[in-house]
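Trainee: I have a structure I would like to understand better, so I am pasting it below and will then ask my questions one at a time.
The values are calculated or read from the model by the stated rules, or taken from the named source; none is laboratory data. Just so it is clear, the model here is predicted, and its values are computed rather than measured. Heavy atoms of the whole protein, side chains included, go into the accessibility calculation; ligands, DNA and RNA do not. Shrake-Rupley method; radii C 1.70, N 1.55, O 1.52, S 1.80 Å.
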Amino acid sequence: MTESRMNEDESIVRPAARPEDERDRALRPRLLADFQGQEPIKQNLSVFIEAARARQESLDHVFLIGPPGLGKTTLAQITANELGVDFKVTSAPALDKPKDLAGILTTVTERTVFFIDEIHRLKPAIEEMLYIAMEDYELDWIIGQGPSARTVRIPIPPFTLIGATTRAGMVSSPLISRFGIVQRFAFYDEAELSSVILRSAGILGLSIQKEAALDLARCSRGTPRVANRLLRRMRDFAQILGTGTITRKTVSTGLEKLEIDSLGLERYDREILASIISNYGGGPVGAETLAISVGEALDTLEDYYEPYLIQAGLLQRTPRGRMVTDRAYEHLGMERRRAGGDYADERLLF
Ligand code: ADP
């Protein structure tokens, strides 16, 4: 399948942030009231924020878990806005040396919200430093080298760490135990995504029919980042093909041109499922083997593609490996291999 090697630039529904998403800054909700969906998280957070604000204390450290593009960074920024405090943001891969973390922690002010994305990728030495900062509001700093090296503790103002991860399973338990508030994001339903789309259309000054917004929501992988990205593409199609209003027809034509199907799957998703069916009899197949067979990095497969395929009821993670479901066969128009090794007519829809 080398010719079908997945290429980040080609994928429109891949929930990872892309440079073009930067233009979406205006679409990012700034307050809890603008943040659509995730009601349980919003309700909890608003209570904790209110209480911390009334006590003039820093909010407890918050741990956010969920697939990419669901609003973890946005919610962290909103928390800082609602608390009326500074916001600092970084991601674990950007923290290479302890001095990188120290450089940020020495600039935090009272009650600052400090957001670390992809916190499961912290290096051990940095994680150690973070433990002390989170628990004692102190920085452990080593001065000198070799036998004359000594550690000094530098006090820092009480701050709130918000750690986000797509992989809760890869975060060490000592780190998790230091977060007082743990919240897990769920994929958004159609109604919530349609609200995201209508809100974004309003901000961008786009005209979109309500039904068209719902159609688009259905194909947005339960992910606001994907919904906003698809909305921008539909704006282009509406402009070129029609009157400028995004209608159901614009959405159906646009999605067809982008090769996005009725479940919001794109070509790569279908290739993953088809590969399990054609090459491994529907599974189980180990994730590493599958990643090689579809020409994708294991991390990307697990972080970006699998969560939605599982949520859509097309793929299962079992202790023995990945397996497709009956729904996947139906969706792809492929038939299950009959016992005895006979292949039935296997047609791919792409
Ligand atoms: P994550 O950090 O989980 O990868 P982001 O916070 O970067 O996701 O969200 C991606 C984009 O999706 C944001 O720029 C924002 O425009 C939009 N978004 C996310 N969650 C919501 C929401 N609940 N309501 C409206 N827009 C949202």
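Trainee: Each residue of the stretch 48-61 in order: what ³J(HN,Hα) in whole Hz does its phi give by Karplus 6.51 cos²θ - 1.76 cosθ + 1.60, θ = phi - 60°, with x for Gly and Pro?
Mentor: 5, 5, 4, 5, 5, 5, 5, 7, 6, 10, 6, 5, 4, 5
Trainee: With no solvent and one equal point scatterer placed on each C-alpha of the stretch 190-258, evaluate the Debye formula and give log10 I(q)/I(0) for q = 0.14, 0.21, 0.27 Å⁻¹, two decimals.
Mentor: Debye output, listed in q order: -0.31, -0.73, -1.26.
Trainee: Right, another one. Once the Cα atoms of the stretch 38-184 are picked out, what are the Rg and Dmax in Å?
Mentor: Over the stretch 38-184's Cα set, Rg and Dmax evaluate to 15.3, 54 Å.
Trainee: With springs connecting C-alpha atoms under 10 Å apart, model the chain as a Gaussian network and identify which of Leu214, Leu75, Leu204 has the largest mean-square fluctuation.
Mentor: Leu204
Trainee: Taking θ = phi - 60°, what integer Hz values does the Karplus form 6.51 cos²θ - 1.76 cosθ + 1.60 yield along the stretch 31-41, in sequence order, with x for Gly and Pro?
Mentor: 10, 4, 5, 8, 7, 7, x, 6, 3, x, 5
Trainee: Ok, one more. Could you tell me what percent of the accessible area of the chain is made up of carbon and sulfur, with a 1.4 Å probe and every protein chain present?
Mentor: Here it works out to 49 percent.
Trainee: A further question follows. GNM, the chain, Cα, under 10 Å: largest mean-square fluctuation among Val196, Val89, Val251?
Mentor: Its mean-square fluctuation being the largest, the pick is Val89.
Trainee: Let me ask something else. Can you run phi through the Karplus equation (6.51, -1.76, 1.60; θ = phi - 60°) for the stretch 257-262 and list ³J(HN,Hα) in whole Hz, with x for Gly and Pro?
Mentor: Karplus values, whole Hz, x for Gly and Pro: 5, 7, 6, 9, 8, 5.
Trainee: Any idea what log10 I(q)/I(0) is at q = 0.12, 0.26 Å⁻¹ for the stretch 265-332, Debye with uniform C-alpha scatterers and no solvent?
Mentor: Here log10 of I(q) over I(0) equals -0.23, -1.28.
Trainee: OK, next. Of Lys88/Lys123; Lys42/Lys99; Lys88/Lys249; Lys72/Lys97, which ones are farther than 31 Å apart at the Cα?
Mentor: From Lys88/Lys123; Lys42/Lys99; Lys88/Lys249; Lys72/Lys97, over 31 Å: Lys42/Lys99; Lys88/Lys249.
Trainee: Something else about it: Hey, can you grab everything whose amide H is under 5 Å from the amide H of Arg322? Only 5+ residues off in sequence or another chain; H modelled, so Pro and N-termini drop out.
Mentor: Val285, Gly286, Ala287
Trainee: Please work out the Cα center distance from the stretch 172-220 to the stretch 296-324, rounded to the nearest Å.
Mentor: 21
Trainee: Under 10 Å, Cα contacts only: if you run a Gaussian network model on the chain, which one of Thr74, Thr107, Thr245 comes out with the highest mean-square fluctuation?
Mentor: Of Thr74, Thr107, Thr245, the Gaussian network model singles out Thr107 as fluctuating most.
Trainee: Accessible area per residue, 1.4 Å probe, Å², for the chain: what's the number?
Mentor: 47
Trainee: Additional query: Please report Rg over Rh for the chain, where both radii come from the alpha carbon positions and Rh follows the Kirkwood definition.
Mentor: The Rg/Rh ratio comes out at 1.03.
Trainee: Can you list residues whose amide H is under 5 Å from Ile208's amide H, if they're 5+ apart or on another chain and H is modeled 1.01 Å from N?
Mentor: The answer is Ile246.
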